[in-house]
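See structure below.
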Amino acid sequence: MTSDPHSVRSFAVISGAQVQRALQGQEKEIVELIEATYRLHGAGDSVNPPSYFLRFPDRPSSRIIALPASIGGHVRVDGLKWISSFPENVAAGIPRASAVLILNDHDTGYPFACLESSIISATRTAASAALAADWLSRGRQRPGRIGFFGVGLIARYIHSFLAGTGWSFDELGVYDLSADSAAGFRGYLEQAGTAGQVTVHDSAEKLIRSSDLVVFATVAGEPHVTEVSWFEHNPLVLHISLRDLAPEILLASTNVVDDIEHCLKANTSPHLVEQLTGNRDFLLGTLDDVMAGRVTVPADQPLIFSPFGLGVLDLAVGKNVYDKVVSSGDLHVIDDFFHELRRYG
Ligand SMILES: NC(=O)c1ccc[n+]([C@@H]2O[C@H](COP(=O)([O-])OP(=O)(O)OC[C@H]3O[C@@H](n4cnc5c(N)ncnc54)[C@H](O)[C@@H]3O)[C@@H](O)[C@H]2O)c1
């Protein structure tokens, strides 16, 4: 970093390999960072405008989302995550999502880094899920049976963040429309040395009824789970993919989100409930409200956490990675990236 706040910083590119090295084994630290960022966002020390969805008439299942954000506090960085979701990639053997994160200097606005960001995005999503699982299970029996509904890369990251922050399960259920995905995830769980019993279920109902903690990470565009009775054992549900559950299920549950304005957009299940009822009475509050003790979570209802995914989380993790790469001495600077720096030449 430069000592003159108004000089131009060098521009660096940080690869996925560097990102992964910087984040490896850091689950506890990253969950703490995500908690601090939610608290900072809750206190208003951030700017996080609505995400912008670029969609294509000729490729209706695909999208690219822009998440601009600014964080204050001691992090003090602005930036943008630009993340593509092309679900058909999976059949072609490459991940659905790809992304870059741009970090901008707080004082000059100059971009100073471009980071591979599919790993950062999956990491902040999984850390947020692990944080929510921890806080939301405090008033109820800690779940010993987990069910993964939709088992791609995000489900894998969520499992590794739960394991990395001290969770273990007696039973792990797996359900996916694709037998290949279910088998791949089972293989991952076995390789990860999971002690619990792993069961691949052939029905959504069996998975949900046999899990106290259910993780939705599908790519469903509209609700496909509609039976309220499947949730009568009051599970904790991490509704990461946001569009799986029919409004009646949310209406029979306690609902916590990451950010109310963000989550009630883009036809998420909470947004559908708002459209159906014309109000937001079904929301208990945000995860920050729970962490700050402003709301109390009842134990006698299903509890659903629907996180829209905030750009401030990507920024916080991205800046953490940048700082680690700088301290390791491995920063790859692109010489002369900014070249027209004298006003009159
Ligand atoms: N809320 C957030 O902050 C956040 C952040 C990142 C990703 N996500 C979401 O997480 C989801 C999963 O992402 P990924 O990268 O793991 O995707 P992926 O394509 O790697 O995996 C998705 C899996 O879901 C399965 N699936 C699709 N529809 C299903 C259904 N109806 N029932 C059961 N299984 C089904 C697919 O077969 C696939 O195996 C996406 O919807 C993504 O948008 C949310």
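The values are calculated or read from the model by the stated rules, or taken from the named source; none is laboratory data. None of the values given here were measured: they were computed from a predicted structure. All Cβ positions, glycine included, derive from the backbone under ideal geometry; neighbour counts span all protein chains shown. Ligands, DNA and RNA are stripped out before the accessible areas are found, and what is left, the full protein with its side chains, is counted by its heavy atoms. Shrake-Rupley method; radii C 1.70, N 1.55, O 1.52, S 1.80 Å.
Observations
- Antiparallel bridge percentage (DSSP; both residues within the chain; nearest 5): 50 percent
- Set of region 10-28 residues, backbone N closer than 19 Å to the point 7 Å along the Cα-Cβ line of residue 89: 14-21
- Think of the chain as having a plus end and a minus end, set by charges on the Cβ of Lys, Arg, Asp and Glu; of 150, 53, 332, 332 sits farthest toward the positive end of this dipole.
- Computed about its Cα centre, the charge dipole of region 134-288 is approximately 280 debye, with only Lys, Arg, Asp and Glu carrying charge at their Cβ.
- Local charge for residue 128 was computed over the other residues whose Cβ lies under 10 Å away, with Lys and Arg +1 and Asp and Glu -1, and equals -1.
- Normalised per residue, the accessible area of region 102-206 is 40 Å², obtained with a 1.4 Å probe and no contribution from ligands, DNA or RNA.
- Stretch gain in nm, segment residue 323-residue 343, where the contour uses 0.36 nm per residue and the Cα spacing is subtracted: 4.1 nm
- Straight-line cross-link partners of residue 28 among the lysines, defined as a Cα under 25 Å from its Cα and at least 8 positions apart when in the same chain: 81, 319, 324.
- Springs join every pair of Cα atoms under 10 Å in this Gaussian network model of the chain, and among 335, 202, 289 the largest mean-square fluctuation is at 335.
- Segment residue 43-residue 267, length gained on full extension (0.36 nm per residue, minus Cα span): 78.0 nm
- Near-label residues of region 92-114 by backbone N, under 13 Å of a point 7 Å along Cα→Cβ of residue 10: 113
- Euclidean distance between Cα centres, region 187-219 to region 96-169, Å: 18 Å
- Gyration tensor (alpha-carbon) shape descriptor, the chain, a/c threshold 1.5: prolate
- Springs between Cα atoms under 10 Å define the GNM used for the chain, and in it the highest mean-square fluctuation of 313, 238, 189 occurs at 189.
- At R0 = 30 Å, FRET efficiency that the Cβ-Cβ distance of residue 21 and residue 106 yields, to 0.05: 0.70
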